[in-house]
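Visitor: Submitted below is the structure of interest, expressed as structure tokens.
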Amino acid sequence: MEARHYRIGTCANCDSPEITLQTPLFCSQQCRQAAELVRYVRGCRRDGRDQLTDVQEAMRMRLAMVLGGGYPERERVVGAGTRAEVFRRAGGRCEQCGRVLDFDQSRGDPDAIATIQHVHGDANELDNLKAFCRRCNIDDAQSRFVPLQRGSAAAKMAAELERRWSAAEPLRLCDDELEWKTNWQRLTKAARGWLQTKADA
Ligand SMILES: [Zn+2]
Ligand SMILES: [Zn+2]
């Protein structure tokens with residue numbers, strides 16, 4: 001079988017040499033999430049989950065976020081205490097539509113799952129946070145998406161990601177939905193060693 005693409009010392013997703021000791025496999029949060037999305041979609045296609053409407057919606061959301069530069073997940077980590085306070089303040093209801101939130105995903109309604117909404121930007125202070133149901137969270141995110149311009153960088157990236165998740169065999173090492181979870185730690189170590197050797201030379 002043809003070797004899957006990865007060159008040590010470059011970004012596993014885009015081949016950029018702009019990697020660091022901190023994150024030696026991906027040049028940016030966007031690239032890490034792009035590869036994660038390719039593996040997620042490949043996994044969904046493999047087991048048929050890609051036929052479910054809520055999974056299709058999740059795939060579109062994640063694609064839009066990756067195309068928009070990536071979801072700022074590191075910046076938007078809300079501590080457990082703050083989360084609890086937001087939900088308490090909201091009385092356990094969605095602050096947008098008023099529905100009773102589902103906190104342990106026991107009701108089988110994916111729309112009612114409790115989420116935290118950032119009002120503006122990434123600040124994690126109480127006055128920038130709201131309790132939203134998953135449905136309102138998705139609707140709000142979708143209302144901010146801009147349609148892809150034909151020929152734009154984002155449209156090209158979308159086409160390339162689609163080519164990668166549709167390929168019969170993973171085109172890159174980081175696209176391998178079955179093997180990556182056992183490979184990435186070894187690769188991280190190898191790439192870090194390579195960077196250190198280069199720095200010492
Ligand atoms: Zn990259
Ligand atoms: Zn709601």
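The values are calculated or read from the model by the stated rules, or taken from the named source; none is laboratory data. Just so it is clear, the model here is predicted, and its values are computed rather than measured. FYI the Cβ positions are ideal-geometry reconstructions off the backbone, even for glycines, and counts take in every protein chain you see.
Visitor: Of Gln105, Gln96, Gln51, Gln30, which residue is touching a Gly at 6+ places or on another chain (Cβ under 7 Å) and polar (S, T, N, Q)?
Guide: Numbers: Gln105 fails: touching a Gly at 6+ places or on another chain (Cβ under 7 Å); Gln96 fails: touching a Gly at 6+ places or on another chain (Cβ under 7 Å); Gln51 fails: touching a Gly at 6+ places or on another chain (Cβ under 7 Å).
The conditions single out Gln30.
Visitor: So, in segment 1-26, how many residues would count as being among the hydrophobic types (A, V, I, L, M, F, W, C) and surrounded by fewer than 20 Cβ atoms within 10 Å (Cβ to Cβ)? Steps first, please.
Guide: Taking segment 1-26 first, the residues among the hydrophobic types (A, V, I, L, M, F, W, C) are 1, 3, 8, 11-12, 14, 19, 21, 25-26.
Now restrict to residues that are surrounded by fewer than 20 Cβ atoms within 10 Å (Cβ to Cβ): 1, 3, 8, 14, 21.
So the count comes out to 5.
Visitor: Let me ask something additional. Give the residue that is farthest from Arg7 (Cα to Cα), with candidates limited to residues of segment 144-201 that are aromatic (Phe, Trp, Tyr) and in a helix (DSSP H, G or I). Give the steps one after another, and end with the answer.
Guide: The initial filter retains those residues of segment 144-201 that are aromatic (Phe, Trp, Tyr), namely 145, 165, 180, 184, 194.
Right, trim to in a helix (DSSP H, G or I) and you get 165, 180, 184, 194.
Values: Trp165: 20, Trp180: 15, Trp184: 13, Trp194: 11 Å.
Top of the filtered list is Trp165.
Visitor: Of the residues in segment 58-81, how many are exposed (fewer than 15 other Cβ atoms within 10 Å of the Cβ) and either at pLDDT 90 or above or farther than 30 Å from Pro170 by Cα (or both)? Can you show your working first?
Guide: First pass over segment 58-81, keeping only residues exposed (fewer than 15 other Cβ atoms within 10 Å of the Cβ): 60, 68-69, 72-77, 79-81.
Still in the list and also either at pLDDT 90 or above or farther than 30 Å from Pro170 by Cα (or both): 60, 75-77, 79-81.
Residues flagged as exposed (fewer than 15 other Cβ atoms within 10 Å of the Cβ) and either at pLDDT 90 or above or farther than 30 Å from Pro170 by Cα (or both) within segment 58-81 amount to 7.
Visitor: Limited to segment 34-52, what total is found for residues that are free of Cβ contacts under 8 Å to residues at least 12 places away in the same chain and among the β-branched types (Val, Ile, Thr)?
Guide: Summing the residues that are free of Cβ contacts under 8 Å to residues at least 12 places away in the same chain and among the β-branched types (Val, Ile, Thr) in segment 34-52 gives 0.
Visitor: Look at Gln142 and say whether it is of a type in the set (S, T, N, Q) and either surrounded by fewer than 16 Cβ atoms within 10 Å (Cβ to Cβ) or in contact with a Gly (Cβ under 6 Å, 6 or more places away or on another chain) (or both). Spell out the reasoning first.
Guide: Numbers: of a type in the set (S, T, N, Q): yes; either surrounded by fewer than 16 Cβ atoms within 10 Å (Cβ to Cβ) or in contact with a Gly (Cβ under 6 Å, 6 or more places away or on another chain) (or both): yes.
Judged against the criteria, Gln142 is a match.
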